[in-house]
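Asker: Quick one: this structure, given as structure tokens, is what I'll be asking you about.
The values are calculated or read from the model by the stated rules, or taken from the named source; none is laboratory data. Everything numeric here is computed off the predicted structure, so don't read it as measured data. All Cβ positions, glycine included, derive from the backbone under ideal geometry; neighbour counts span all protein chains shown.
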């Protein structure tokens, strides 16, 4: 194997998962759920567990797959397992021909083989240990199909155990999310292990090496911390690094809760044919990485002035188009234009050069807008047109605290949430009365001698702090 002792986390998992039941004729935990960052050593652990079962279980039948395809499992077998097993040829015989890959114990008939992640793959097979790696790639339906293949094949096997193994997933990783939830709730018969960062912690910062050391169980052991520093420096976006090395990802069960919205409430507020009339406010917002931007409008519901409607009028890649589109919307609707003063600073400057009036708000007003938007949806006083860009933003949105309030979090969200932020600001501006004597801010180049305006605005087994 590695020709070295197991890493501490590997020993913890193997020791717990190998506990026997009270009668000693099977394992205490028929299901093992393991969530761990990439490059932690889960592939080595998976092989070690399967080889151990070849010794523990007479005539053992182990099966291994990856939820993202049998070809991926075959690559793991060829590139990772085979080189580790070659020095152990006196104990194990490798079958490496395509379609029949496996590890056979030389004494007896125990073996570990690969299977396709399909509902029919294990028909007529006996299964003691089933390992589903890369579980993030399976949806609920695909995962149910896998379970439908594995569970019947284990019914007559007293030493049955299913391993569900993965690094962080995506919003589509609904099967992995369901099993992690089961582990968190302490479902009987489930051993749950989870290593990673707690993105909701006040000190969470994906750029902080201390967070890396706390979150990745082999950082500084399997590789030096400088490797992660290099990965951070070369990252294409924060979310990719967080998912791979901190095991922070947008779990489907938390996405709506994190955004402060209930999916049923959001659907109930849908009114695809209703547009605001008249338009009282326009808002713009920019994606965190400035790869896209959005414009939204808001105003009274045409059939009920006590309600408000929001509408995304533009959501496009890039930001070069925004200033011209905002100026056009301002001229068309003759409504107030609002934006976050910090996020859209360069666009506000361009609008200033066009002599377009902008209400550039700060964090406190932004927080009030978020609260009003969620409260309005819950109370049924805000409707939206159920546009794809807006629905996607809601599904992927997260929030961050601001004192006792909160804001939409562009950095923690896994999608472009500019459509949601624009609708939030537009609804707030349309619904809120401007205090007497307050004027809109005209963002423009100051005249000589004039100062520019200043904007104010089952218990989880893992490292401490992980929820």
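Asker: Would you mind finding the one in 217, 206, 188, 250 that is modelled with pLDDT of 95 or more, outside the structural domain of residue 314 (by TED's automatic domain parsing) and assigned to a loop (DSSP other than H, G, I, E, B)? If you could, list the steps in order and put the result at the bottom.
Answerer: Numbers: 206 fails: modelled with pLDDT of 95 or more; 188 fails: modelled with pLDDT of 95 or more; 250 fails: modelled with pLDDT of 95 or more.
Just one listed residue meets the conditions, 217.
Asker: Residue check, residue 229 against (1) closer than 18 Å to residue 245 by Cβ; (2) more than 18 Å from the chain's Cα centre (by Cα); (3) in a loop (DSSP other than H, G, I, E, B), all met but one. Which one?
Answerer: Condition not satisfied by residue 229: (3).
Asker: Looking only at residues in the stretch 344-357 that are buried (at least 20 other Cβ atoms within 10 Å of the Cβ) and under 34 Å from the mean Cα position of the chain (by Cα), which one is farthest from residue 324 (Cα to Cα)?
Answerer: If we take residues in the stretch 344-357 being buried (at least 20 other Cβ atoms within 10 Å of the Cβ) and under 34 Å from the mean Cα position of the chain (by Cα), then 344 is farthest from residue 324 (Cα to Cα).
Asker: Check the stretch 59-80 and report whether any residue there is surrounded by fewer than 18 Cβ atoms within 10 Å (Cβ to Cβ) and over 24 Å from residue 137 (Cβ atoms).
Answerer: yes
Asker: Name every residue in the stretch 311-323 that is surrounded by 13 or more Cβ atoms within 10 Å (Cβ to Cβ) and over 15 Å from residue 417 (Cα atoms), in order of residue number.
Answerer: 321, 322, 323, listed by residue number.
Asker: Which one of these is under 31 Å from the mean Cα position of the chain (by Cα) and assigned by TED's automatic domain parsing to the domain that holds residue 166: 48, 82? Before you say what the answer is, go through the steps one by one.
Answerer: Details: 82 fails: under 31 Å from the mean Cα position of the chain (by Cα).
On inspection, the qualifying residue turns out to be 48.
Yes/no per residue for (1) at pLDDT 95 or above; (2) touching a strand residue (DSSP E or B) at 6+ places or on another chain (Cβ under 7 Å):
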{"residue": "304", "(1), (2)": "no, no"}
{"residue": "314", "(1), (2)": "yes, yes"}
{"residue": "319", "(1), (2)": "no, yes"}
{"residue": "334", "(1), (2)": "no, no"}
{"residue": "344", "(1), (2)": "no, yes"}
{"residue": "347", "(1), (2)": "no, yes"}
{"residue": "350", "(1), (2)": "no, no"}
{"residue": "367", "(1), (2)": "no, yes"}
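Asker: For the stretch 309-318, indicate whether the set of residues that are part of a helix (DSSP H, G or I) and assigned by TED's automatic domain parsing to the domain that holds residue 421 is non-empty.
Answerer: No, every residue in the stretch 309-318 fails to be part of a helix (DSSP H, G or I) and assigned by TED's automatic domain parsing to the domain that holds residue 421.
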